[in-house]
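Data block below; observations after.
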Amino acid sequence: MAAEKAPGCPIGTLVCEASGPDWSQCKKSDLLDFYVPGLPSSGDRALADTDITALETQSADGENYVLTGDVSIRQLDQLIRADRFTYAQTSTQWTAEGNVRYQDRDILLSASDATGSTEPSRARLDNVRYQLLSSRGNGRATTAALDGDEHAKLTGTTYSTCPLDSPGWEFRAGEIDLDQASGVGYGRDVTLRVGNVPVFWMPYASFPIDDRRKSGFLYPEIGYNNELGVDISIPYYLNLAPNYDATLTPRLMTERGLMLGGQFRYLTDSSRGTVEFEWLPNDLDTGEQRSLFHWDDRTRFSANWGTVVNLNHVSDDRYFEDFGRSLNIAATTLLPSSAYLVGQGSWWSAQVGGDEYQITDPAIPLQAEPYRRLPRVTFDAEHQLIGGFDVGIDSEFVSFSKDEAVDGSRIDLFPYLAYPLEAAAWFVRPQIGYRYTSYEIDRDTDKSPDRGLPIASLDAGLRFERALKLGGDSYTQTLEPRLYYLHVPYENQDNLPVFDTQEVPFSFGQLFRSNRFVGADRQMNANNLTLALTSRIIEDSTGNERVSASIGQIRYFDDQRVQLYGLPETDFSGSTYVGELDLRINDRWRAVFSEQWNPNSEKTELATVALQNRFGDGGAFNVSYRFRRDLLEQTDISALIPLNHAWRLVGRWNYSLRDDRTLDVFAGFEHESCCVTWRLLARRYVSSFERDMTNSLYFEIELKGIGSIGQKTGNFLRRAILGYQ
C-alpha cells in the first residue's frame, strides 16, 4: 500500500496530503541559505573518513587543534561549520562557536554553539533553529542532541510548517525524541497552538516523522445540521501491516445517536480492495437500527483473467437521505451491487457473474425494483479476416429473478460482418448482422418466445479542412458531414417480457446507434437515415479546439412500431433535431449550448445553456440553465471570488423554476496563508423525497502538512463550483 495514503493522517504527521499542500504563499526559509547540495544521501557514516578544513589552524602539541576562518568538519553526509572550532585528534571531541551550522541528509540546524565527537558521531547544539529537508517542517529548540544518524532529542522545542518568524500554528513540546530508523517521534508535554491560542494539550504523543504510516487518532470532523444536530467524527487509524490498514470512526450525532463506522483496505500483488461499514444501533429519531455495507475488490489471476466486485447494502430506503453528506448521495435512488469474473484478450472479452439493485428512494415502489441478473454471462469477440473484413459476435445469457414477479432467462446473440474503409479525410463502415434472442419464462403459456432480425447499417463521413486567420492568429476549420443508414425489419415483440430494457434518453450519440433501447428485450425496427454535420475551429499554435458545433436528425422512412408496454406506435417522419455548440473563446471564457427541438410536437424537449468565466487570480463564475420537458427546469449559479491573495468568497444557488423553490444554496468564505487554510460555509438544501430542507454549517481549519479539523469541504466545493481549486 505504499502508493496510497491513509484516509487521514495521524496527529503529528508531517506530510499528509497525497497531492501535497500549496506552499506558493510561503517565502523561502533563510536556513536554506547555507544548504550545501550534493552531499551523499546514503551510506554508513561510521565507516566514512572525516575531512576538516579551515583558513587557519593552530596546535601547540600536535594533538589539540584550534581552527578559525570558515571551518568545516564533514563525515559522509554530516557537515558542521562555524567561525571557530577546537578539535582533539585522539578523542575526536570538538567544540564550535559562532555562526554554527549543521547539515545532514534529513535536517538543517543553526545554533549559537555546539559540542560533539566524530567517533562516535554525536553532537549537542544550543539555541537551535531547524529545517527538515524531507518536508517543510521547521522550528526552534533550546537544545538539540544528535546521536548517530538516526536519533535526535530536542528540548524546549516547536514544530510548524509556517515561517519561523511568524507561525500561524505550531506544536510546542517540552521534549521530542526523533527516531529516523523507525520513522517515529515521541513528544512530551505537547501543545498545539493556533496563533497564540492553545487548542489542545497532551502529556505524551507519538507521531510519524516520514511517509511511513503509524496508528493513531486522525483529526476530527465537526459539523452541524438541523436533522442530525451537532455531528462529530473522531477516526482512529490502525496501521496493521505494510499492505493493509483500517480506520475506525465513532460518529456522534446529537439528534440521532452514536454511530460506528469503519474502513479496511488491502493491497496484494494480485488484489486491491476496500471494505466499509456504518452501524447505528438505535436511531433516536426512528427507534430503528441503521447500517451500511460496501465492499469493492479487483483481483487479477493472470494476464487475461480477474474479478471485479462491488457489493453495497443499506438497512432502509432513507439511509442516504438521513446520513448522506451531499445532495448527490441523498438523491441516490438505486444502489447497485455486482460481482464478475472478467476476461480479456486481444480480440475477445468475457464476463461471468451477476448484479442486483436495492431501492434507496422511498418514492419508488418495491414493484419497480430492477430484476436480479444472476447469473449473467457475456462474450464479445471481433477478429480481422483476410481482405479487411471484420467478423465478430456480441452475446449474452442472463437469468432474471424478482420477488412476486415472473422469472425467466434470456439468450441474446448478434454475429456480424463488417468491412471498414478509412482514410485521413473519409470513412465508410458497412456492417450486416443477425440478432437472435430467445427466452425461457416461468409462465403458463408461450414459455419459450424468441426473436430473430437481420440488421444492416452503413456509416460514412467526410472531413474537409481550410485555413483561417482570426485576429492575426492561425486556425484550422473543419467541416464533417456524416450519414448513417440503418435497416431493421419489423417483428412484433409484444409477447416478449421486459426484464432490463428501457429507452435511451435521446442525444447526439443516439443518432448513430442501431437500437434506441438499452437491453435486449426490444430491438427497434428501422428504415432510417441520419444526417449530421459537425464543424470545429482548432487553434494551430496550441491544438486547442476553440469552437465545436454539431447538428443532426434521423429521417424515418417507416413507422416506429416497436415500443415498450403501454406506449403507442408513432409515424414520425423525422426525429428530434439535436444541436450542440461549445465555444472556448479564450482561456477565460467558455459557453456551452445544447438544444433538442421536436418537429412533431413543435416543442423544445431539452435545452442547456452554460457560461463560465475564469477571472483574476483563480476566480471562477458559472451560470447555467437546464430544461427537460415534463421533468425539470433549473438554474444554477456558482462563484469563486478572490478578494486578495488570502481571502476568497464561495457560493452557489441551484433553483428549480418548475417547483419555484431553492434546491441547494450555500455561501461562505475561506482564508489561506502559507501554512493555514480555514473555511466557513452555511448551506440550505433539499435532503429528502418530501423536499424537506436541511440547514448545515461547515467549518474546517487545515494546518498544511498536518491535516484538517472539521468537516472536509474541499471535495464538496470542487463538485459544486466548476473551476474551484
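The values are calculated or read from the model by the stated rules, or taken from the named source; none is laboratory data. Computed from a prediction, not measured in an experiment: that's the story for all the values here. When we count neighbours, we look across all protein chains shown, and the Cβ atoms used for this are built from the backbone with ideal geometry, even at glycine. To get the accessible areas, we keep the full protein, side chains included, count just its heavy atoms, and leave off ligands, DNA and RNA. Shrake-Rupley method; radii C 1.70, N 1.55, O 1.52, S 1.80 Å.
Which one of the conditions (1) closer than 30 Å to Asp322 by Cα; (2) modelled with pLDDT of 85 or more; (3) of a type in the set (Ser, Thr, Tyr) does Tyr204 fail to meet, given that it meets all the rest?
Going through the list (1) closer than 30 Å to Asp322 by Cα; (2) modelled with pLDDT of 85 or more; (3) of a type in the set (Ser, Thr, Tyr), Tyr204 breaks only (1).
Looking at (1) of a type in the set (A, V, I, L, M, F, W, C); (2) closer than 19 Å to Thr713 by Cβ; (3) touching a Ser or Thr at 6+ places or on another chain (Cβ under 9 Å), which is the one condition that is false for Leu640?
(3)
On the given criteria, is Thr53 of a type in the set (Ser, Thr, Tyr) and modelled with pLDDT under 50?
no
Do you know which of the residues in region 403-453 that are over 27 Å from Tyr490 (Cα atoms) and among the aromatic types (Phe, Trp, Tyr) is surrounded by the most Cβ atoms within 10 Å (Cβ to Cβ)?
Phe427
Take the conditions of a type in the set (A, V, I, L, M, F, W, C) and under 17 Å from His294 (Cα atoms) and apply them to Ala241. Does it pass? It would help to see each step written out before you state the result.
Working: of a type in the set (A, V, I, L, M, F, W, C): yes; under 17 Å from His294 (Cα atoms): no.
Judged against the criteria, Ala241 is not a match.
Here's a check for you: in region 541-576, which residue that is in a loop (DSSP other than H, G, I, E, B), of a type in the set (A, V, I, L, M, F, W, C) and touching a residue at least 24 places away in the same chain (Cβ under 8 Å) is nearest to Lys603 (Cα to Cα)?
Phe572
Please enumerate the residues belonging to region 448-501 that are within 40 Å of the chain's Cα centre (by Cα) and under 17 Å from Gly519 (Cα atoms).
Pro497, Val498, Phe499, Asp500, Thr501
Kindly list, by first and then second residue, each pair from a residue in region 141-152 that is touching a residue at least 40 places away in the same chain (Cβ under 8 Å) to a residue that is surrounded by fewer than 16 Cβ atoms within 10 Å (Cβ to Cβ) and of a type in the set (A, V, I, L, M), limited to pairs with Cβ atoms under 9 Å and residues at least 6 apart or on different chains.
Gly148/Ala46; Asp149/Ala46
Within region 56-74, work out how many residues are aliphatic (A, V, I, L, M) and open to solvent by 50 Å² or more (accessible area, probe 1.4 Å).
The number of residues fulfilling the criteria is 1.
Please state which one of Pro163, Pro167 is at pLDDT below 90, crowded, with 20+ Cβ neighbours inside 10 Å and part of a loop (DSSP other than H, G, I, E, B).
It is Pro167.
Within region 495-509, how many residues turn out to be in contact (Cβ under 8 Å) with a residue 40 or more places away in the chain and out of contact with any Ser or Thr (no Cβ under 7 Å at 6 or more places or on another chain)?
Of the residues in region 495-509, 10 are in contact (Cβ under 8 Å) with a residue 40 or more places away in the chain and out of contact with any Ser or Thr (no Cβ under 7 Å at 6 or more places or on another chain).
Which ones in region 132-169 are polar (S, T, N, Q) and closer than 25 Å to Lys27 by Cα? Break it down stepwise before answering.
Within region 132-169, the first condition is being polar (S, T, N, Q), and the residues that meet it are 134-135, 138, 142-143, 155, 157-158, 160-161, 166.
Passing the criteria: Ser134, Ser135, Asn138, Thr142, Thr157, Thr158, Ser160, Thr161, Ser166.
List the number of the failed condition for Asn528; all other conditions in (1) open to solvent by less than 30 Å² (accessible area, probe 1.4 Å); (2) modelled with pLDDT under 95 hold.
So the condition that Asn528 fails would be (2).
Condition first: of a type in the set (A, V, I, L, M) and not in a strand (DSSP E or B). Now tell me which residues in region 220-256 satisfy that.
Leu228, Ile234
Test of understanding: among Phe557, Phe517, Phe512, Phe499, which residue is at pLDDT 95 or above, exposed (fewer than 13 other Cβ atoms within 10 Å of the Cβ) and at negative phi?
Within the list Phe557, Phe517, Phe512, Phe499, the selection yields Phe557.
Quick one: Thr95 ticks every box in (1) in contact (Cβ under 8 Å) with a residue 60 or more places away in the chain; (2) among the polar types (S, T, N, Q); (3) part of a strand (DSSP E or B) except a single one, so which number is it?
The failed condition is (1).
Considering each residue of region 129-149, count those that are in a loop (DSSP other than H, G, I, E, B) and polar (S, T, N, Q), and give that number.
Total meeting the criteria: 2.
Any residue that is closer than 30 Å to Arg561 by Cα and either in contact (Cβ under 8 Å) with a residue 24 or more places away in the chain or under 25 Å from the mean Cα position of the chain (by Cα) (or both) - is there at least one of those in region 640-657?
As a first pass, look at region 640-657 and keep what is closer than 30 Å to Arg561 by Cα: none.
No: region 640-657 contains no residue that is closer than 30 Å to Arg561 by Cα and either in contact (Cβ under 8 Å) with a residue 24 or more places away in the chain or under 25 Å from the mean Cα position of the chain (by Cα) (or both).
Can you name every residue in region 352-377 that is more than 27 Å from the chain's Cα centre (by Cα) and either polar (S, T, N, Q) or part of a loop (DSSP other than H, G, I, E, B) (or both)?
Pro362, Ala363, Ile364, Pro365, Gln367, Glu369, Pro370, Tyr371
I'd like to know if region 116-136 contains one or more residues that are at pLDDT 85 or above, polar (S, T, N, Q), open to solvent by 20 Å² or more (accessible area, probe 1.4 Å) and touching a Lys or Arg at 6+ places or on another chain (Cβ under 8 Å).
no
The conditions are (1) closer than 23 Å to Trp678 by Cβ; (2) open to solvent by 60 Å² or more (accessible area, probe 1.4 Å); (3) in a strand (DSSP E or B), and Arg648 fails exactly one of them. Which is it?
Exception for Arg648: condition (2).
Taking the condition at pLDDT 85 or above and basic (Lys, Arg), does Arg212 pass?
Answer is no for this residue.
Among Ala46, Ala114, Ala60, which is the only one that is within 25 Å of Gly156 (Cβ to Cβ) and hydrophobic (A, V, I, L, M, F, W, C)?
Of Ala46, Ala114, Ala60, the one residue that is within 25 Å of Gly156 (Cβ to Cβ) and hydrophobic (A, V, I, L, M, F, W, C) is Ala114.
In region 170-183, how many residues are modelled with pLDDT of 90 or more and open to solvent by 20 Å² or more (accessible area, probe 1.4 Å)?
Going through region 170-183 one residue at a time, the tally reaches 3.
Suppose we filter region 75-92 for residues that are surrounded by 16 or more Cβ atoms within 10 Å (Cβ to Cβ), in a loop (DSSP other than H, G, I, E, B) and of a type outside the set (A, V, I, L, M, F, W, C); how many remain?
2
Go through the residues of region 516-528 one by one and say whether even a single one is farther than 18 Å from Ala456 by Cβ and over 38 Å from the mean Cα position of the chain (by Cα).
Scanning region 516-528, I find no residue that is farther than 18 Å from Ala456 by Cβ and over 38 Å from the mean Cα position of the chain (by Cα), so the answer is no.
Identify all residues within region 671-700 that are under 17 Å from Ala646 (Cβ atoms), open to solvent by less than 30 Å² (accessible area, probe 1.4 Å) and touching a residue at least 60 places away in the same chain (Cβ under 8 Å); write none if there are none.
Matches in region 671-700: Cys674, Cys675, Val676.
Please pick out the residue among Asp617, Asp659 that is touching a Pro at 6+ places or on another chain (Cβ under 7 Å) and either surrounded by fewer than 16 Cβ atoms within 10 Å (Cβ to Cβ) or in a strand (DSSP E or B) (or both).
Only one candidate qualifies: Asp617.
Got a number for residues in region 669-725 being part of a strand (DSSP E or B) and at negative phi?
Total meeting the criteria: 28.
Quick check on my filter: what residues within region 595-614 are part of a strand (DSSP E or B), in contact (Cβ under 8 Å) with a residue 24 or more places away in the chain and open to solvent by less than 70 Å² (accessible area, probe 1.4 Å)?
Going through region 595-614, the residues part of a strand (DSSP E or B) turn out to be 595-598, 603-614.
Going one step further and asking which of them are in contact (Cβ under 8 Å) with a residue 24 or more places away in the chain, we end up with 596, 603-606, 612-614.
Matches in region 595-614: Gln596, Thr604, Glu605, Leu606, Gln612, Asn613.
I want to confirm something. Restricting to region 46-74 and keeping residues that are among the small types (Gly, Ala, Ser) and part of a strand (DSSP E or B), which single residue is farthest from Thr115 (Cα to Cα)? Please lay out each step first, then the result.
First, the residues of region 46-74 that are among the small types (Gly, Ala, Ser): 46, 48, 54, 59-60, 62, 69, 72.
Okay, now just the ones that are also part of a strand (DSSP E or B), so 69, 72.
Details: Gly69: 18, Ser72: 13 Å.
Selected residue: Gly69.
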